[in-house]
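The values are calculated or read from the model by the stated rules, or taken from the named source; none is laboratory data. Please read these numbers as outputs of a predicted model, since none were measured by experiment. Using ideal geometry, Cβ is built from the backbone for each residue, glycine included, and neighbour counts are taken over all protein chains shown.
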Amino acid sequence: MADSPLSSRIMRDLKRVEEELERVVFSDEGELCEASLTMLRGGGKRLRPALVLISGQVGSYDFESLILAAVAVELIHMASLIHDDIVDSADFRRGLPTVSSTKGLHVATAAGDFLFATALVLLSGLRSGGIEAVRMMAEAVNILSLGQIRQMEMAHRVDQNMEDYLQMIWSKTAVLFATSCRLGGLISGAEEEEVDFLGRYGDNLGMAFQIYDDVLDITGTEESLGKPVGIDLKEGTVTMPILFALEETRFERELCAAIESPSLTEEEVRRGMEIILNTRALERSKEEAKKYVERAIDSVRLLSKPEVREELVSIGKFAIDRYH
Ligand code: GRG
């Protein structure tokens, strides 16, 4: 399997995105700058900027405008991760201490706000389509925030179903994937219909991505995840594998108790994961994720430029090869 499904053009332009991210994150305010740089330099796959750039090839690839959107979307992603780590009292992300654990809650909150506002300022400076881009991004953040609240409300509850879960992951993950794709299309001047194809692609790819992420929370290692395994169970976040396991075990008492418990010991988390691993939950979840990837691929079959379609398709196939 190739190391990356991205073309050399996109790989090259992502390097420029990286430089620009460093530049905009630098500010006069020492603490905010340090906190934001910690997050930025912690790594990350830069998936969302890549989606902006790839989608930007559908119309005229205006890199100087696309770079603004690519940077903005990664800043929003970073802001959401910083705020998410505050809410979850998380100590580690990407293998490094979180901003909230090193800088404290006040600085972390301000750093998230700073990145969020910087993203909107960047988008407002677009040569054309700035207002539409700011509106799209602000709407996405609206949905992200609602998703976050919903996840908190639903935590530790076994009385939720697959529809609740799908709605939640759409809000917290798929929306930003879709917005990245739509922004790329919009900025490149793609036809409205093509922007819609791209949006549907992002929605479906984002759904698949979050399901795979939820599977990895159980099958991954602390080293590969950059954070402890079994966090979802520990936080009472009822993911697709957990829902399938509940269904198969007929709401087994021990698993329900683990989900409902406000604090689990390491041993209880390990035991809960063992119950899930003894079902077909992970296999079934991966099959569901694969269906979303296939839907994503199907969404772009009518894109006018075959080379862009192929690049989007190869991202989907890369995900399937990687996780199955
Ligand atoms: C934008 C200020 C602001 C708030 C939004 C906190 C919040 C409200 C939303 C949380 C949304 C959230 C954290 C969703 C998780 C999405 C997800 C799958 C993150 C991991 O993405 P990767 O794997 O991360 O792309 P890397 O580390 O590669 O960048």
- Taking ALA90 and the conditions (1) outside any helix (DSSP H, G or I); (2) of a type outside the set (S, T, N, Q); (3) surrounded by fewer than 18 Cβ atoms within 10 Å (Cβ to Cβ); (4) within 13 Å of the ligand (Cβ to nearest atom), which numbered condition does it fall short on, given that it satisfies the others? (3)
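Restricting the search to segment 260-284, which residues are under 24 Å from HIS324 (Cβ atoms) and surrounded by fewer than 16 Cβ atoms within 10 Å (Cβ to Cβ)? Break it down stepwise before answering.
First, pick out the residues of segment 260-284 that are under 24 Å from HIS324 (Cβ atoms): 273-284.
Answer for segment 260-284, where residues must be under 24 Å from HIS324 (Cβ atoms) and surrounded by fewer than 16 Cβ atoms within 10 Å (Cβ to Cβ): GLU274, LEU277, ASN278, ARG280, GLU283.
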- Please state which one of LEU216, LEU233 is buried (at least 24 other Cβ atoms within 10 Å of the Cβ), in a helix (DSSP H, G or I) and touching a Leu at 6+ places or on another chain (Cβ under 9 Å). LEU233
- Note on the structure: Contact list, first residue from segment 263-291 and outside any helix (DSSP H, G or I), second anywhere and among the aromatic types (Phe, Trp, Tyr) and surrounded by 15 or more Cβ atoms within 10 Å (Cβ to Cβ), beta-carbon distance below 8 Å, six or more apart or interchain, is THR279/PHE244; ARG280/PHE244
- Note on the structure: In segment 122-142, anything surrounded by 14 or more Cβ atoms within 10 Å (Cβ to Cβ) and of a type in the set (Lys, Arg) is listed as none
- Query: Looking at (1) assigned to a helix (DSSP H, G or I); (2) touching a residue at least 60 places away in the same chain (Cβ under 8 Å); (3) crowded, with 22+ Cβ neighbours inside 10 Å, can you tell me which one VAL107 breaks?
  - Reply: (3)
- Take segment 147-169 and flag every residue that is within 17 Å of ASP203 (Cα to Cα) and either within 17 Å of the chain's Cα centre (by Cα) or not in a helix (DSSP H, G or I) (or both). GLY147, TYR165, LEU166, GLN167, MET168, ILE169
- Task: State yes or no: is THR239 buried (at least 16 other Cβ atoms within 10 Å of the Cβ) and either out of contact with any strand residue (DSSP E or B) (no Cβ under 9 Å at 6 or more places or on another chain) or among the acidic types (Asp, Glu) (or both)?
- Result: yes
- Note on the structure: When (1) outside any helix (DSSP H, G or I); (2) surrounded by 21 or more Cβ atoms within 10 Å (Cβ to Cβ) are applied to GLY189, the one that fails is (2)
- For segment 40-47, state whether one or more residues are part of a loop (DSSP other than H, G, I, E, B) and more than 19 Å from PHE116 (Cβ to Cβ). yes
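Only one of THR98, THR38, THR102, THR118 is surrounded by 24 or more Cβ atoms within 10 Å (Cβ to Cβ) and out of contact with any His (no Cβ under 7 Å at 6 or more places or on another chain); which? Before the answer, list the steps.
Values: THR38 fails: surrounded by 24 or more Cβ atoms within 10 Å (Cβ to Cβ); THR102 fails: surrounded by 24 or more Cβ atoms within 10 Å (Cβ to Cβ); THR118 fails: surrounded by 24 or more Cβ atoms within 10 Å (Cβ to Cβ).
One residue alone meets the criteria, THR98.
Kindly establish whether SER180 is at pLDDT 95 or above, farther than 18 Å from PRO49 by Cα and part of a helix (DSSP H, G or I). Full working, then the answer.
On the way: at pLDDT 95 or above: yes; farther than 18 Å from PRO49 by Cα: no; part of a helix (DSSP H, G or I): yes.
Judged against the criteria, SER180 is not a match.
Give the residue that is farthest from the ligand (Cβ to nearest atom), with candidates limited to residues of segment 173-188 that are in contact (Cβ under 8 Å) with a residue 60 or more places away in the chain and aliphatic (A, V, I, L, M).
Of everything passing the filter in segment 173-188, ILE187 is farthest from the ligand (Cβ to nearest atom).
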- Message: With the requirement that a residue be under 18 Å from LEU81 (Cβ atoms) and out of contact with any Lys or Arg (no Cβ under 7 Å at 6 or more places or on another chain), what does segment 156-169 give you?
- Response: ILE169
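Could you tell me whether any residue of segment 253-262 is hydroxyl-bearing (Ser, Thr, Tyr), under 27 Å from ILE297 (Cα atoms) and more than 15 Å from the ligand (Cβ to nearest atom)?
Taking segment 253-262 as the starting set, the residues that turn out to be hydroxyl-bearing (Ser, Thr, Tyr) are 261.
Cutting the leftovers down to under 27 Å from ILE297 (Cα atoms) gives us none.
No, segment 253-262 contains no residue that is hydroxyl-bearing (Ser, Thr, Tyr), under 27 Å from ILE297 (Cα atoms) and more than 15 Å from the ligand (Cβ to nearest atom).
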- Task: Looking for whichever is touching a residue at least 40 places away in the same chain (Cβ under 8 Å), within 9 Å of the ligand (Cβ to nearest atom) and touching a helix residue (DSSP H, G or I) at 6+ places or on another chain (Cβ under 9 Å) here; the options are GLN160, GLN148. Which one fits?
- Result: GLN148
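Looking at ARG41, ARG46, can you tell me which residue is within 13 Å of the ligand (Cβ to nearest atom) and closer than 17 Å to GLY206 by Cβ? Don't jump to the end; show me each part of the working.
Values: ARG41 fails: closer than 17 Å to GLY206 by Cβ.
Going through ARG41, ARG46 in turn, the sole match is ARG46.
Give the residue that is farthest from the ligand (Cβ to nearest atom), with candidates limited to residues of segment 49-64 that are in a helix (DSSP H, G or I) and within 20 Å of SER128 (Cα to Cα).
Here is the first cut: in segment 49-64, the ones in a helix (DSSP H, G or I) are 49-55, 63-64.
Restricting the remaining residues to those that are within 20 Å of SER128 (Cα to Cα) gives 49, 51-55, 63-64.
Numbers: PRO49: 10, LEU51: 11, VAL52: 14, LEU53: 15, ILE54: 15, SER55: 17, PHE63: 22, GLU64: 24 Å.
Within segment 49-64, the match that is farthest from the ligand (Cβ to nearest atom) is GLU64.
Here are ILE76, ILE67: which of them is within 11 Å of the ligand (Cβ to nearest atom), among the hydrophobic types (A, V, I, L, M, F, W, C), modelled with pLDDT of 95 or more and under 19 Å from LEU21 (Cα atoms)?
Numbers: ILE67 fails: within 11 Å of the ligand (Cβ to nearest atom).
Answer to the check: ILE76.
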